[in-house]
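Asker: Mind having a look at this structure? Questions to follow.
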Amino acid sequence: MRNICRGMTEFQNAEFSVFSRSIGTGIAAINMDTWIWLDMDSSSFTVSFSLIYGKSIHHLIHTNNNKTINMPMLKDPSVKYKAFDPQLKLNDRQWPSKTLTKPPRWLSTDLRDGNQSLPDPMSIPEKKLYFKELLNIGFKEIEVAFPSASQIDFDFTRWCVENSPDDVSIQVLSPCRPELIKRTIESLKGAKRATVHIYLATSDCFRNVVFGMTHEETIEKATECTKLVRELTKDSIDDNYNKTYWSFEFSPETFSDTTPDFALKVCESVKNAWGPNIENPIIFNLPATVEMSTPNVYADQIEYFSRNISNRETICISLHPHNDRGCAVAAAELAQLGGADRVEGCLFGNGERTGNVDLVTLALNLYTQGIYPNLDFSNLENVIEVVEKCNKIPVHPRAPYGGQLVVCAFSGSHQDAIKKGFKKYQDKIKNNGDIKWSMPYLPLDPQDIGRNYEAIIRVNSQSGKGGASWIILRNLELDLPRGLQIDFSRRVQLESEWKGRELKTKEIIDLFKDKYYLYDENDENDNETVAMLDLFKLGNYNVTNEGKNRKIDALVSSKSKELQLNGNGNGPISALANSISTYFNVKYEVIHYNEHTLGKESNSKAVGYIGVRVADNEQIIWGVGIDEDVTEAGMIALINTLNGCIRDKLIRE
């Protein structure tokens, strides 16, 4: 046998046929260079190997040098995986015609399910910090621990019991084991409000493989454990327990993989054992412990349960979707349409494997549909800080709502659309007070969750004119004309490409000041820059009328030179342009002129933008000027075009 195994490499380049036979025929256990084939002889070895190799396993084994098996993806995965069968037909499903109109009850399981999934679990101070943040957000039901698991969990539960507000229910979890249930309930002694949550796996896979229990044994165990919880809580005569407002939650764990009718049988028996009423319904948590299929299947399962469980008015259906297929949020939303009343999850989707459903996303999805979620994320940045500190896992930059990049646009077309959207939105508020949000690419106003607008548009080499001009508008209040936007965006792209990264806001502002000589005399950094440059500035000037024309005499000086300019035109700016043209003996034509006030006050300064063409050069040289007088702002802008022409060697001094 060993010789056959060692000789397997000679088959690797051979062609084999696919036999219509189960792969399960041959099972091999590998230990270093040894294969142990069970219930197989040489001929069956060949058949089994041929079948597996025919399904595109390129390198079955290397037996030396501690190399491992290489098992690439199968060309026909159906030989290994089967499509999920929910064993449910719901031809008259009602959830597709419904919409969400109210928030569910929320349960945070960050401190239990979330914490147990962390490579480095939270310390007690971190748990306390997280608990307080959950209270700040507005959670009224918080699963805090698995008290029977450790003394640390037990002690933390006691702290929560002693420090929680009267209207918050402390929830704890226990498996269906009597000794652990007793220890769990001990941790809740003296609580004002508490929920005992027990669970038992009900799927065929877990019953058969993990527990070895029949259907009847499963129902009996769930029922007896429920009776024990009732005896120790709401039926207790002990003053330490009979003053607590008790709720009870049962989870048929692996519900999403459980035969629907069997899940109903288990829950009916548990319900009868607990004895719920309308005022204090029993909570049936129907988890997608492992996400088995598409969200619509989970919605069908929840609707079927909701329609067929008896005394529905005494039941709260709770959801606990995991994110194995990446569809937990969609599954939770559709399952609410299917009849669920409550959602369990974690902030930003922390949890085992791929995580639990993200409660931030669910809540803010409702908010963007005009539904207040009863959770307050007005200061989302603070929430993120606490979550990252305690979980020691960063929130993904693309996480909905919370990610660092989710409200950022780098693409030029996106930036332009957002910029125009904000302009219309501000006009709408100013004109009629209408704050209805309708913004390209932004389903939520960032200010509603405590973010400012500065990070919405960020600039790199992909950004167009809208991105850089947005930064300038937000920071300098300069509403650049289209031609100037295009001119500046070219400079920004070159700078970003040269640096090989995104440009920061300050870098963009400094780049704008440098290119258009827009320096603030009250800014120390600007003064240092100006001190290094030999720029022409507008000095004293005199404008007189000569019929319909204007005549200008102006002194323009730099550190090293003074120019006495004289010219004529139909206005002060055209006259100044003519004087530059005359002095340098070059055609100097004003092509673009725009101006606006800075700010909303009556004494606000004015800004002027001027674009000129020199000689026959097609390039437009732009200048910007700011002054209390709108005309003088334009004239300063024109002198700055002269500085630009000298810099670009279009004019020689």
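Asker: Among the residues of the stretch 98-141, write down those that are over 22 Å from Asp153 (Cβ atoms) and among the basic types (Lys, Arg).
Answerer: Residues satisfying the conditions are Lys98, Lys102, Arg105.
Asker: Taking Leu264, is it at pLDDT 95 or above, more than 20 Å from Thr314 (Cβ to Cβ) and either not charged (D, E, K, R) or not assigned by TED's automatic domain parsing to the domain that holds Ile181 (or both)?
Answerer: So Leu264 does not fit the description; no.
Asker: Pull up the stretch 467-512, narrow it to residues that are surrounded by fewer than 22 Cβ atoms within 10 Å (Cβ to Cβ) and outside any helix (DSSP H, G or I), then point me to the one that is farthest from the chain's Cα centre (by Cα).
Answerer: Pro481
Asker: Among the residues of the stretch 219-254, what is the count of those that are closer than 14 Å to Arg207 by Cα, at pLDDT 95 or above and either touching a His at 6+ places or on another chain (Cβ under 7 Å) or not aliphatic (A, V, I, L, M) (or both)?
Answerer: Total satisfying the criteria: 3.
Asker: Does any residue in the stretch 532-544 that is assigned to a strand (DSSP E or B) come within less than 8 Å, Cβ to Cβ, of a residue that is among the polar types (S, T, N, Q) and surrounded by 15 or more Cβ atoms within 10 Å (Cβ to Cβ) six or more places away or on a different chain, and which pairs are these?
Answerer: Every condition considered, the pairs that remain are Lys537/Ser557; Lys537/Ser558; Gly539/Ser557.
Asker: Do the conditions hold for Asn570, that is, is it farther than 13 Å from Thr641 by Cβ and surrounded by 14 or more Cβ atoms within 10 Å (Cβ to Cβ)?
Answerer: Spelling it out, it is not the case that Asn570 is farther than 13 Å from Thr641 by Cβ and surrounded by 14 or more Cβ atoms within 10 Å (Cβ to Cβ).
Asker: Could you list all residues from the stretch 180-218 that are in contact (Cβ under 8 Å) with a residue 12 or more places away in the chain and aromatic (Phe, Trp, Tyr)?
Answerer: Tyr199, Phe206
Asker: Picking from Pro373, Pro394, which residue would you name as being closer than 28 Å to Pro119 by Cα, surrounded by fewer than 24 Cβ atoms within 10 Å (Cβ to Cβ) and touching a helix residue (DSSP H, G or I) at 6+ places or on another chain (Cβ under 7 Å)?
Answerer: So the residue among Pro373, Pro394 that is closer than 28 Å to Pro119 by Cα, surrounded by fewer than 24 Cβ atoms within 10 Å (Cβ to Cβ) and touching a helix residue (DSSP H, G or I) at 6+ places or on another chain (Cβ under 7 Å) is Pro394.
Asker: Among (1) in a loop (DSSP other than H, G, I, E, B); (2) surrounded by 13 or more Cβ atoms within 10 Å (Cβ to Cβ); (3) not β-branched (Val, Ile, Thr), where does Lys82 come up short?
Answerer: The failed condition is (2).
Asker: Just one of the numbered conditions (1) closer than 24 Å to Lys649 by Cβ; (2) at pLDDT 90 or above; (3) out of contact with any Leu (no Cβ under 7 Å at 6 or more places or on another chain) is not true of Lys561; which one?
Answerer: Just one mismatch for Lys561, condition (2).
Asker: Residue pairs, Cβ under 7 Å, 6 or more apart or interchain, first in the stretch 376-405 and on the phi > 0 side of the Ramachandran plot, second part of a helix (DSSP H, G or I) and among the β-branched types (Val, Ile, Thr). List them.
Answerer: That search, which allows pairs on different chains as well, returns Tyr401/Val360; Tyr401/Thr361; Tyr401/Ile449.
Asker: Tell me which helices (runs of 4 or more DSSP H) are completely within the stretch 346-442 and hold 1 or more residues being at pLDDT 95 or above and not basic (Lys, Arg), or say none if there are none.
Answerer: Counting at least 1 such residues, we get 359-367, 380-391.
Asker: Examine the stretch 220-231 for a residue that is assigned to a loop (DSSP other than H, G, I, E, B) and within 30 Å of Val161 (Cβ to Cβ), and state whether such a residue exists.
Answerer: No, that holds for no residue.
Asker: I'd like to know if the stretch 618-626 contains one or more residues that are within 22 Å of Tyr541 (Cβ to Cβ) and over 42 Å from the mean Cα position of the chain (by Cα).
Answerer: Checking the stretch 618-626: at least one residue is within 22 Å of Tyr541 (Cβ to Cβ) and over 42 Å from the mean Cα position of the chain (by Cα).
Asker: Next question. Filtering the stretch 513-540 down to residues that are modelled with pLDDT of 85 or more and surrounded by fewer than 16 Cβ atoms within 10 Å (Cβ to Cβ), which residue is farthest from Ile636 (Cα to Cα)?
Answerer: So, considering only residues that are modelled with pLDDT of 85 or more and surrounded by fewer than 16 Cβ atoms within 10 Å (Cβ to Cβ), the one farthest from Ile636 (Cα to Cα) is Asp514.
Asker: Another question about this same structure. Give me the residue from the stretch 275-293 that is free of Cβ contacts under 8 Å to residues at least 60 places away in the same chain and within 14 Å of Ser310 (Cα to Cα) and, out of that set, nearest to the chain's Cα centre (by Cα).
Answerer: Among residues in the stretch 275-293 that are free of Cβ contacts under 8 Å to residues at least 60 places away in the same chain and within 14 Å of Ser310 (Cα to Cα), the one nearest to the chain's Cα centre (by Cα) is Phe284.
Asker: Shifting gears a bit: Taking the stretch 211-243 as the region of interest, how many residues are over 10 Å from Val270 (Cα atoms), touching a helix residue (DSSP H, G or I) at 6+ places or on another chain (Cβ under 9 Å) and among the hydrophobic types (A, V, I, L, M, F, W, C)?
Answerer: 5
Asker: Which is farther than 21 Å from Leu111 by Cβ, more than 33 Å from the chain's Cα centre (by Cα) and of a type in the set (Val, Ile, Thr), of Thr258, Thr214, Thr244, Thr254?
Answerer: Thr214
The values are calculated or read from the model by the stated rules, or taken from the named source; none is laboratory data. What you see is a predicted model; the values in this text were computed from it and never measured. Cβ sites come from the backbone with ideal geometry, for glycine too, and all protein chains shown count toward neighbours.
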